[in-house]
Amino acid sequence: MPSRHPGATEHDYLPAFGRDALLPFYDLLTSVLRVPKVHGQLLDLACLDDDTATLEIGCGTGNLTLMAKRRHPRTEVVGLDPDPLALARATRKAGSLDVRFDRGYGQALPYQAASFDRVLSAFMLHHLAGEAREQTAAEARRVLRPGGALYLVDIGGRVAPSDGYAARRSLRSPHLCDNLGDRIPQLLLGAGFDECVELTHRVGRLIGRITFYRASLT
Ligand SMILES: C[S@@+](CC[C@H](N)C(=O)[O-])C[C@H]1O[C@@H](n2cnc3c(N)ncnc32)[C@H](O)[C@@H]1O
C-alpha cells in the first residue's frame with residue numbers, strides 16, 4: 001500500500017494543489033506560473049521521437065502527457081496518477097487523442113519491466129515522502145528499457161537565498177527539503193540509475209529555482 005504523505009489530508013497521496021477543492025484552478029494557476037514552458041523544455045531535453053514509448057508519473061491534469069502526444073502523435077504516451085479527479089480532467093482534455101491515462105502510484109507502477117524508453121516526471125517528486133521516494137525512483141528504473149532515461153523537473157536543486165523570495169520559502173518548506181542540493185541525484189543513483197546529471201535550471205520570481213535532471217541507464 002502507498003504510504004501516506006504527511007501533508008495529505010484527504011487521501012493517501014498529496015493532490016496537485018494539496019486539496020481536491022483547488023484542482024479546478026490548477027491549469028489556470030500553473031499557466032500563470034509559466035509551467036507550460038517548463039513542460040516544453042523538459043520535452044525538448046527528453047528528445048522524443050515517433051518510437052519513444054513514454055510514461056509520465058504524476059501526470060495530474062495531463063498537460064505534459066498531452067503535450068508529448070501532440071508533438072509525437074505516433075508515439076505511445078501514457079500518463080499515470082493516483083488522483084481520479086485529475087485523471088478525469090486529463091481524459092476530457094485528451095478528446096480524440098490516442099493517449100492513455102492510468103490510475104496508479106509511482107511507488108507501484110502497473111507496468112512490466114522494460115516497457116518504456118522515457119519516463120517523465122514534472123513537479124511530482126516533492127509530493128512524495130520517505131520511502132515512497134525511493135520506491136518510485138526504483139520503479140522508474142524498473143520500467144525503463146536499457147538505454148532509456150528518466151527526465152525529471154521539480155522545484156529544488158541548488159536553491160540559494162539569492163534566488164529570491166520564492167526560493168527562500170523553498171528552503172524552509174518541509175515538502176521541498178528532500179529536493180534540495182544534490183538529494184535528487186543521490187536518490188536516483190541510489191535507485192540504480194547508471195548516471196544522473198543536472199541538465200539545466202530556471203529561477204522564477206513566483207516559483208523559485210526549478211532544476212531539470214536526466215537519470216539514464218546504459
Ligand atoms: C503538482 S502536480 C503535477 C502534475 C503534472 N505533472 C504537471 O506538471 O502539471 C503533482 C501530481 O503528483 C501526483 N501524485 C501524488 N502522489 C503521487 C504518487 N504517489 N505517485 C504518482 N503521482 C503522485 C498528484 O496527484 C498530482 O497530480
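Within region 67-78, count every residue that is open to solvent by less than 30 Å² (accessible area, probe 1.4 Å) and over 14 Å from the mean Cα position of the chain (by Cα). It would help to see each step written out before you state the result.
Keep residues of region 67-78 that are open to solvent by less than 30 Å² (accessible area, probe 1.4 Å), which gives 68-69, 75, 77-78.
Next cut, over 14 Å from the mean Cα position of the chain (by Cα) only: 69, 75, 77.
Final tally of qualifying residues: 3.
When the residues of region 114-140 are narrowed to those that are acidic (Asp, Glu) and closer than 24 Å to residue 53 by Cα, which ends up nearest to the ligand (Cβ to nearest atom)?
Step by step, filter region 114-140, then rank; the result is 139.
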Residue 123 passes all but one of (1) within 17 Å of residue 56 (Cα to Cα); (2) in contact with a helix residue (DSSP H, G or I) (Cβ under 6 Å, 6 or more places away or on another chain); which number fails? (2)
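Does residue 90 satisfy the criteria of being part of a helix (DSSP H, G or I), within 14 Å of the ligand (Cβ to nearest atom) and within 18 Å of residue 27 (Cα to Cα)? Walk me through how you get there before you give the answer.
On the way: part of a helix (DSSP H, G or I): yes; within 14 Å of the ligand (Cβ to nearest atom): yes; within 18 Å of residue 27 (Cα to Cα): yes.
When the stated conditions are applied, residue 90 passes them.
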Which residues, counting only those in region 58-80, are in contact with an Asp or Glu (Cβ under 8 Å, 6 or more places away or on another chain) and not in a loop (DSSP other than H, G, I, E, B)? 63, 64, 65, 68, 69, 77, 78, 79, 80
Selection from region 17-40 of residues buried (at least 16 other Cβ atoms within 10 Å of the Cβ), farther than 25 Å from residue 199 by Cα and hydrophobic (A, V, I, L, M, F, W, C) yields 23
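Report yes if residue 122 is modelled with pLDDT of 95 or more, open to solvent by less than 60 Å² (accessible area, probe 1.4 Å), more than 15 Å from the chain's Cα centre (by Cα) and not aromatic (Phe, Trp, Tyr), otherwise no. Spell out the reasoning first.
Working: modelled with pLDDT of 95 or more: yes; open to solvent by less than 60 Å² (accessible area, probe 1.4 Å): yes; more than 15 Å from the chain's Cα centre (by Cα): no; not aromatic (Phe, Trp, Tyr): yes.
It is false that residue 122 is modelled with pLDDT of 95 or more, open to solvent by less than 60 Å² (accessible area, probe 1.4 Å), more than 15 Å from the chain's Cα centre (by Cα) and not aromatic (Phe, Trp, Tyr).
Test residue 149 against the stated conditions and say whether it is hydrophobic (A, V, I, L, M, F, W, C) and open to solvent by less than 20 Å² (accessible area, probe 1.4 Å).
So residue 149 fits the description; yes.
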Identify, from the list 55, 45, the residue that is more than 10 Å from the ligand (Cβ to nearest atom), open to solvent by 10 Å² or more (accessible area, probe 1.4 Å) and modelled with pLDDT of 95 or more. 45
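Can you name the residue in region 5-26 that is in a helix (DSSP H, G or I) and touching a residue at least 60 places away in the same chain (Cβ under 8 Å) and is also farthest from the ligand (Cβ to nearest atom) among such residues? First the steps, then the outcome.
Narrowing region 5-26 to residues in a helix (DSSP H, G or I): 20-26.
With touching a residue at least 60 places away in the same chain (Cβ under 8 Å) added as a condition, the list becomes 20, 23, 26.
Numbers: 20: 10, 23: 9, 26: 7 Å.
That would be 20.
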Taking the options 81, 98, name whichever one is within 8 Å of the ligand (Cβ to nearest atom), free of Cβ contacts under 8 Å to residues at least 40 places away in the same chain and either surrounded by fewer than 16 Cβ atoms within 10 Å (Cβ to Cβ) or within 25 Å of residue 34 (Cβ to Cβ) (or both). 81
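The values are calculated or read from the model by the stated rules, or taken from the named source; none is laboratory data. Computed from a predicted model, the values in this text were never measured in an experiment. Counting neighbours? That spans all protein chains shown, and the Cβs are built from the backbone with ideal geometry, glycine included. Side chains are part of the model used for accessible areas, which takes the heavy atoms of the whole protein and leaves out ligands, DNA and RNA. Shrake-Rupley method; radii C 1.70, N 1.55, O 1.52, S 1.80 Å.
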